[in-house]
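Notes to accompany the following structure.
No lab work stands behind these numbers, since they all come straight from the coordinates. None of these values were measured; they are calculated from a predicted model. Cβ placement follows ideal geometry from the backbone for every residue including glycine, while neighbour counts extend to all protein chains displayed.
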């Protein structure tokens, strides 16, 4: 790869325009000639743009030998596995080498880091998916002998990306691939993390949480063995949520309370999650006023934390409670708070939840034409975003709605849609 190609590739990775890269330094025309290979850039020019691209000058002007590059990639990978962090220079180096021809073992390391980084650390799901698609050109679907552990971590990155995209069926698919390779993983902490990932993914796609709780218990036992208190608390919260979903409310409160007793009292993020789910339990028990108290405390804990998705969940909980007690001004207030916070691209499932609740308010107001039109739009959006679980639920809801109105043809159409997605989801779960 020549210098111009490297500059262009890094600029595009950073989503910089040509003017943003060379503004105040030189002309866009000069940069275009460099990127197209028509002009050899000066050392002064390279030194001026290297910091903007987050890369060492020598990485732009020197073509490292394959052996040296592989060794550096190996060092970056080992450090990333330990620290779950990476410097801008190392990240840029990996991007420069992502499309070079290396053995599968090297590509696994490069793409594991790039996908995981954009999915979990510097969340940019569009970039994560672009890199994921690129990775499939270089990484075989067949696990190569001797590379089982590397494939395990690559699948972890892919699953994390799909979970962030709220495509839980695809995340579950990658969890299944990881499970097949679990015997090749020696790190007890990573095995425990896998069980927790599996539990949380199953939680999103299964109605009965027995399987989710099975994996959560396995994670708990391992975290207890290695004395990881933070992850122990995380598993206890997860089990509290799952017991609630199985309608075992007292068990849910027990596990959420144990989690609260385990965590650092300064951990506002975990405390906010616990208060929210204790509120959900109270809402299920038919204690809306107590539920509201928990929800509001949860919002206080989240405060200014980078926890938009959690705040949206609390807003949704408050909307549902206020609908139940018919305080419509509060319904509108918290619904608007949720809709103004949610990013449809980052949190499609939450967005669909909120706009479907909003559509339901049109029905309460007897504006059925608007309700029907909005629900169809939401279902189409869900299909487009591959949010098939909420699509199935909303299709069932519309089937019942039209059946009650004796619009039997429309009811049948929605019922068939719901059954189609339910069968498809069942097949994926079995796989």
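What the table shows:
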item: Amide N proximity, the range 202-226 versus residue 422 label position 7 Å along Cα-to-Cβ, cut-off under 19 Å; result: 204-209
item: Extension reserve of the residue 336-residue 225 stretch, reckoned as 0.36 nm per residue once the Cα distance is removed; result: 35.4 nm
item: Gap separating the Cα centres of the range 139-197 and the range 1-58, nearest whole Å; result: 37 Å
item: Label-point gap, in nm, between residue 207 and residue 141 - each point 7 angstrom along Cα→Cβ; result: 3.1 nm
item: Euclidean distance between Cα centres, the range 330-358 to the range 75-114, Å; result: 37 Å
item: Rounded FRET efficiency, nearest 0.05, which uses the C-beta distance separating residue 285 from residue 36 and R0 of 51 Å; result: 0.15
item: Theoretical gain in end-to-end length, residue 384 to residue 29 [0.36 nm per residue, Cα-Cα removed]; result: 123.8 nm
item: Relative contact order [Cα under 8 Å, 6+ residues apart], the chain, whole percent; result: 7 percent
item: Cα→Cβ-extended label distance, 7 Å offset, between residue 406 and residue 329, nm; result: 4.1 nm
item: Whole-Å semi-axes of the chain's equivalent ellipsoid (Cα gyration tensor); result: 43, 27, 23
item: Kirkwood hydrodynamic radius of the range 51-175, Cα pairs, Å; result: 14.8 Å
item: Pairwise centroid distance, computed over Cα atoms, of the range 228-300 with the range 389-414, Å; result: 34 Å
item: Gain upon complete extension [residue 43, residue 249; 0.36 nm per residue less C-alpha separation]; result: 67.4 nm
item: Overall form of the range 3-63 per C-alpha gyration tensor (a/c, 1.5; a/b vs b/c); result: rounded
item: Highest to lowest packing among 370-376, 268-274, scored as the average C-beta count within 10 Å; result: 268-274, 370-376
item: Two-decimal log10 I(q)/I(0) for the range 144-224, as the Debye equation yields it once each C-alpha is a single scatterer, q = 0.22, 0.25 Å⁻¹; result: -1.01, -1.21
item: FRET efficiency, 1/(1 + (r/R0)^6) with R0 25 Å, evaluated for residue 363 and residue 413 via beta carbons; result: 0.85
item: Rounded, prolate or oblate (a/c below 1.5 giving rounded, otherwise prolate when a/b exceeds b/c) for the range 262-367 by Cα gyration tensor; result: oblate
